[in-house]
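Q: Dropping a structure here in C-alpha cells format, bear with me for questions.
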Amino acid sequence: NKAMAAKMMALLLNRNQFWGHWIVPSISRNNPTFQQQSYWRGKIWPATNYLLFQGLKRYASTDLLNQFAAKSVGLFMQNWRAYHTWNENYFFTGEGSGVTYTTWGPLMCLVGLEDICDILPDGKIALNGTLTKKITIRNIPLFGSLYNVQVMPDFTELIHDDHVVMTARGKINVHALNCVRSNRHHMMLTSE
C-alpha cells in the first residue's frame with residue numbers, strides 16, 4: 001500500500017543505506033558486511049535494479065523514476081565505454097564484477113528504456129516527456145513493429161515509418177496505439 005511504499009522509498013533514498021552515486025546495493029551501505037563487496041554483500045545487481053524499478057513505477061514520482069533510470073544506465077554505460085563489457089554485478093565503486101556478458105546485465109539499460117517508453121500491463125504505451133537530455137533510440141520492438149524514440153528536453157516522440165505516432169510534452173503521456181491501414185496497404189499505428 002502507499003504507506004508501506006513511502007517507508008520503502010525513504011529507505012531507498014537514504015544515502016547511508018541504499019541511495020548513492022551507483023545504486024542499488026544488495027545490502028544497506030551501513031551494514032557491517034557491506035565493505036566486503038562479496039557477491040550479495042553489497043554488490044549491485046542488474047536484476048535487483050530492474051525489479052525494484054518495476055515496483056517504483058507504481059509509487060514513485062516521475063523525478064525519482066528518472067533519477068533511478070539515469071543511475072542504472074550510467075552504471076552500465078561506464079563499464080561499456082571503458083571495457084565494452086556488461087557484467088553480472090557491480091562493486092559500489094561502479095566497477096564491473098562477476099561474469100561478463102550475462103543475460104541479465106542489460107537489464108540496467110532496460111530500466112532506462114522503460115523510463116522513456118514502456119508498454120503498460122493494459123497494453124497502452126507510456127511515453128516520458130519530462131526528461132532533460134537529448135536521446136535517440138532506434139528499432140525498439142513494440143507490437144511486432146520497430147519504432148524510434150526521439151527525446152529532447154521536456155519533449156519525446158514515438159516514431160514509426162518516419163511518422164510521429166505519439167508525443168509527450170512535459171509529462172508522461174499514456175495512450176493505446178491502434179492499427180489503421182494506410183493508402184499504401186500496409187499497417188500504420190496512431191495513438192488515441
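Q: Just one of the numbered conditions (1) more than 30 Å from residue 79 (Cβ to Cβ); (2) surrounded by 15 or more Cβ atoms within 10 Å (Cβ to Cβ); (3) at pLDDT 95 or above; (4) not aromatic (Phe, Trp, Tyr) is not true of residue 150; which one?
A: (1)
Q: In this structure, is residue 66 more than 20 Å from residue 137 (Cα to Cα), out of contact with any Cys (no Cβ under 7 Å at 6 or more places or on another chain) and surrounded by 16 or more Cβ atoms within 10 Å (Cβ to Cβ)?
A: no
Q: How many residues, within segment 95-107, are touching a residue at least 60 places away in the same chain (Cβ under 8 Å) and either in contact with a Leu (Cβ under 6 Å, 6 or more places away or on another chain) or open to solvent by 20 Å² or more (accessible area, probe 1.4 Å) (or both)?
A: 2
Q: Turning to a different aspect of this structure: What number goes with the only condition from (1) over 14 Å from the mean Cα position of the chain (by Cα); (2) more than 17 Å from residue 62 (Cα to Cα) that residue 108 does not pass?
A: Unmet condition: (1).
Q: Can you tell me which residue is surrounded by the fewest Cβ atoms within 10 Å (Cβ to Cβ) among those in segment 84-94 that are of a type outside the set (Ser, Thr, Tyr) and touching a strand residue (DSSP E or B) at 6+ places or on another chain (Cβ under 8 Å)?
A: Just the residues of segment 84-94 that are of a type outside the set (Ser, Thr, Tyr), to begin with: 84, 86-89, 91-92, 94.
Filter once more, keeping what is touching a strand residue (DSSP E or B) at 6+ places or on another chain (Cβ under 8 Å): 86-89, 91-92.
On the way: 86: 23, 87: 26, 88: 19, 89: 22, 91: 16, 92: 18.
If we take residues in segment 84-94 being of a type outside the set (Ser, Thr, Tyr) and touching a strand residue (DSSP E or B) at 6+ places or on another chain (Cβ under 8 Å), then 91 is surrounded by the fewest Cβ atoms within 10 Å (Cβ to Cβ).
Q: If residue 179 satisfies all but one of (1) of a type outside the set (D, E, K, R); (2) modelled with pLDDT under 95; (3) exposed (fewer than 11 other Cβ atoms within 10 Å of the Cβ), what's the number of the condition it fails?
A: Among (1) of a type outside the set (D, E, K, R); (2) modelled with pLDDT under 95; (3) exposed (fewer than 11 other Cβ atoms within 10 Å of the Cβ), residue 179 violates only (3).
Q: Out of segment 122-154, which residues are farther than 21 Å from residue 61 by Cβ and acidic (Asp, Glu)?
A: 122
Q: To continue, here is another question. Quickly run through segment 111-131 and pick out the residues that are open to solvent by 20 Å² or more (accessible area, probe 1.4 Å), under 15 Å from the mean Cα position of the chain (by Cα) and farther than 26 Å from residue 45 by Cα.
A: Passing the criteria: only 130.
Q: When segment 140-164 is examined, which residues are found to be part of a loop (DSSP other than H, G, I, E, B) and hydrophobic (A, V, I, L, M, F, W, C)?
A: Within segment 140-164, 143 is the sole residue that qualifies.
The values are calculated or read from the model by the stated rules, or taken from the named source; none is laboratory data. Here the structure is a predicted model, which means the values were calculated and not measured. Every residue, glycine among them, receives a Cβ derived from its backbone with ideal geometry; neighbour counts consider all protein chains shown. Calculation scope for accessible area: heavy atoms of the full protein, side chains included, ligands and nucleic acids excluded. Shrake-Rupley method; radii C 1.70, N 1.55, O 1.52, S 1.80 Å.
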